[in-house]
Amino acid sequence: MTTGARPSYEPTRDIGPAILAISVGALLLAAVVLIAGYATSWGGHLRLSQRAAPVALVAAPVHSSLALSIVTGTMLGNGALGPAYVPSSFTLPAHATITVTVTDFDNATPLTGALTRYATVTGTVGDAMQVQPIDLLSPNTPTGAVRTLHGLPPAQVAHTLTIPALGINVPMAGAARITFTLRTGRPGTYAWECMDPCGSGPGGLGGAMGRPGFMAGTITVAA
Ligand SMILES: [Cu+2]
């Protein structure tokens, strides 16, 4: 072996500055990681608590939504029967919070006498609904502001969505989009019907009134 030659694994004085640079770099990196960690713990606080939710013992309710339309007998080409909810039967998840939007293409059939009690909202979240009037000739065009209401003047009710077993009643304003929130409970099958005499025949109680697929139907609450 000649003088001056060193085994390649033997440290040399030449790498001193490199070690210093690496050390400084490591310190800088550690500082950045620490600062980033603090920033995340402040700014990410809500996100962290939300991430913890799925491991809770009680599962969060399934949030879902349902869209219904009320179409007229004229739209259906069956003026002799009268209007219908579409769909008239549907399935919702149990123990869930459901936003229901109903687009009502029909006009009012005034509630009178004992039926005026169905002009009041019951059984929805807050016993309330939101109502926005629409232009029936251009149904995606609102003609007024959204209002939160607990009921309607009986003369302005076109239909009701009434689920007696659940204590739910929502009066539907004519020519409007109606939105409300329901909380479903245990699984089961529940009948709904419209309590507004909107059908054909004497007193509007014939035709569509009380007829499944028109002004009556079934809500299935599934596990
Ligand atoms: Cu009806």
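Quick note: the coordinates plus some simple rules give every number you see, no bench work behind them. Please read these numbers as outputs of a predicted model, since none were measured by experiment. Virtual Cβ from ideal backbone geometry, glycine too; neighbours counted across all protein chains shown.
Sorting the segments 151-164, 130-143 by their mean number of nearby beta carbons within 10 angstrom, highest to lowest, gives 151-164, 130-143.
Listed peptides 88-99, 194-205 appear in the order 194-205, 88-99 once ranked by packing, highest mean of other Cβ atoms within 10 Å at the front. Distance from the C-alpha centroid of region 161-223 to that of region 77-104: 8 Å, rounded to the whole angstrom.
Sequence-ordered 3J(HN,Hα) estimates for region 204-212 from the Karplus curve with 6.51, -1.76 and 1.60 and θ = phi - 60° stand at x, 9, x, x, 5, 5, x, 8, x Hz, glycine and proline given as x. When only the Cβ of Lys, Arg, Asp and Glu is charged (+1, +1, -1, -1), the dipole of region 63-222 relative to its Cα centre reaches about 260 debye.
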